[in-house]
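S.K.: I am attaching a structure below and will ask some questions about it afterwards.
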Amino acid sequence: MYESYYGLNSKPFQLTPDPAFFYASKLHKRAMSYLQYGLSQAEGFIVITGDIGTGKTTIANSLLDSLEEDIFAAQIVTPKLSPDEIVKMVASKFDIDVAGKSKTEILEDLERFLNKLSEQGKRALLLVDEAQNLPLETIEELRMLSNFQKAGKPLLQSFLLGQDELQPILRAPNMEQFRQRIVASCHLAPLNAEEAREYIEFRLNHAGYEGDGLFSDEAFAAIHNFSRGVPRRMNTLMDRILLYGFLEEVKHFEEEQVAIVIEEVKSEMFVPDNAMPGRDETFAADSGGTRFTARGTEIHEAQYYKDMLNELVDALDDALKHKIKLTQYIDKILKKKYQAYVRLKGDDE
């Protein structure tokens, strides 16, 4: 409805995850790097957690959208499945007929399928979304599926994406064997104020907006404060703001117009608990600005330590990117050598 009024060629803030509108914040880039690193390792589990609406599914879709042809990927969104049900679900996602078959028969068919992929120089990837819904015994069944191997190489690799509740599940004492197979994990936090502004501008520009700045600094701040930096919440709010702007013929949004929309949608969306700090905040602060740890101990020179931690995180991110590139380069060399070996073997026969 408002697209033509603002010169857009699509809706920039739709709720359905769209890889084309993927905005990579610092944490989202790190999560994507972990996923790519996991792919290059071709084994183990990658675990990505985050609050509702922080972009886990969007990351998953972006990853699937960029996969090479040698990876057969399947994605499942999990309700509370039993171990037997998860086996059937995984097999069916890999186009295996499960009708009227026992679990043993399905596992045998799945192993044959995975071996056939391997013979074709391909491998299977399972992406499990909303993994926090899975019981412990079902997650353990996923670990058992990772035992399918050929010549010492796993035939199935899995990525788990879930809300915060997934973390205590994986910390359970009887999940030690699963934890040992996690090659990397990352938690997605909400966007900070600067990232939220970049997120909004990125989506508007990607949808074709070519005008001057649509929002004042104060309007951006009001959007971030109300949405708490959660992308899905921002999408819902921004869609309503643009609709209001179309109806009221607003060409530039000030804080006042944004506040009107916020008041209209409070009862429909959410009311942030302003008394609680965001998940991306390292320390809590009192009204006087003094920093404290979670146990109430006063912290001196908190910003100094935060800056040091940020520098360390940046260095680790750079190191991870270099390792991914090196691993991908080695993987390409090995593939070429394997293809040459197959050709020579064929000539000999």
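The values are calculated or read from the model by the stated rules, or taken from the named source; none is laboratory data. All values derive from a computational prediction rather than experimental measurement. For neighbour counting, all protein chains shown are included, and Cβ atoms are generated from backbone atoms with ideal geometry for every residue, glycine included. In case anyone asks, the SASA skips ligands and DNA or RNA and just uses the protein heavy atoms, side chains included. Shrake-Rupley method; radii C 1.70, N 1.55, O 1.52, S 1.80 Å.
S.K.: At 7 Å along Cα-to-Cβ for each site, give me the label-to-label distance between residue 5 and residue 225 in nm.
M.R.: 2.5
S.K.: Using only the alpha-carbon atoms of the range 21-173, report the extent along each of the three principal axes, biggest first, to the nearest angstrom.
M.R.: 43, 32, 28
S.K.: Show me the ranking of peptides 186-193, 78-85, 133-140, 63-70 by mean Cβ neighbours inside 10 Å, starting with the highest. Walk me through the intermediate numbers first.
M.R.: Details: 186-193: 20.2, 78-85: 14.4, 133-140: 17.4, 63-70: 12.4.
Peptide ranking by packing, descending: 186-193, 133-140, 78-85, 63-70.
S.K.: Just add up the charged neighbours of residue 60: K/R +1, D/E -1, any other residue whose Cβ is under 11 Å from the Cβ of residue 60. Provide the component values of the computation, followed by the final result.
M.R.: On the way: positive: 56; negative: 65, 129, 130.
For residues surrounding residue 60, the net value is -2.
S.K.: Do the alpha carbons of any pairs in 122/336; 26/56; 88/122 sit beyond 18 Å of each other, and which pairs?
M.R.: 88/122
S.K.: Moving to a separate point now. How much FRET efficiency would the formula 1/(1 + (r/R0)^6) give for residue 115 and residue 80, where r is the Cβ-Cβ distance and R0 is 41 Å, rounded to 0.05? All intermediate terms of the calculation are to be shown ahead of the outcome.
M.R.: Numbers: r = 31 Å, r/R0 = 0.75.
After rounding, the FRET efficiency stands at 0.85.
S.K.: How large, in Å, is the range 33-94 by the Kirkwood hydrodynamic radius built from its alpha-carbon pairs? Walk me through the numbers before you get to the answer.
M.R.: Values: mean 1/r = 0.0744 Å⁻¹.
Radius from the Kirkwood sum: 13.4 Å.
S.K.: Grab the alpha carbons of the range 139-250, take their convex hull, and tell me the volume per residue in Å³.
M.R.: Working: hull volume 18.1 nm³, N = 112.
Cα-based convex hull of the range 139-250, divided per residue, equals 162 Å³.
S.K.: Could I ask something else about it? With a 10 Å radius around each residue's Cβ, average the other Cβ atoms per peptide and rank 205-216, 156-167, highest first.
M.R.: On the way: 205-216: 14.4, 156-167: 20.6.
The most tightly packed comes first, giving 156-167, 205-216.
S.K.: Kindly write out, for the range 189-202 in residue order, the coupling ³J(HN,Hα) from the Karplus curve 6.51 cos²θ - 1.76 cosθ + 1.60 (θ = phi - 60°), rounded to whole Hz, with x marking Gly and Pro.
M.R.: For the range 189-202, the Karplus-derived couplings read 9, x, 6, 7, 4, 5, 5, 4, 5, 4, 4, 5, 5, 4 Hz, x marking Gly and Pro.
S.K.: Same structure, new question: Once you list every other residue whose beta carbon is under 14 Å from the beta carbon of residue 218, what net charge do they have if Lys and Arg are +1 and Asp and Glu are -1?
M.R.: On the way: positive: 197; negative: 217, 254, 255, 256.
Summing Lys/Arg as +1 and Asp/Glu as -1 gives -3.
S.K.: Given points 7 Å out from each Cα along the Cα-Cβ axis, report the residue 137 to residue 263 separation in nanometres with one decimal.
M.R.: A separation of 5.5 nm, rounded to one decimal place.
S.K.: Quote to one decimal, in nm, the extra length available between residue 153 and residue 42 on full extension: 0.36 nm per residue of separation minus the C-alpha distance between them. Don't skip to the end; give the middle numbers.
M.R.: Numbers: separation 111, 0.36 × 111 = 39.96 nm, distance 0.83 nm.
Once the chain is fully extended between residue 153 and residue 42, it gains 39.1 nm.
S.K.: Kirkwood Rh over alpha-carbon pairs of the range 95-205, then Stokes-Einstein at 20 °C and 1.002 mPa s: what D in µm² s⁻¹, rounded to an integer? Intermediate results must be reported in sequence, preceding the final value.
M.R.: Values: Rh = 16.8 Å.
The calculation lands on 128 µm²/s.
S.K.: Still on this model: Could you report the accessible area of residue 45 in Å², rounded to 10, computed with a 1.4 Å probe on the protein chains as they sit in the structure?
M.R.: Here the accessible area works out near 0 Å².
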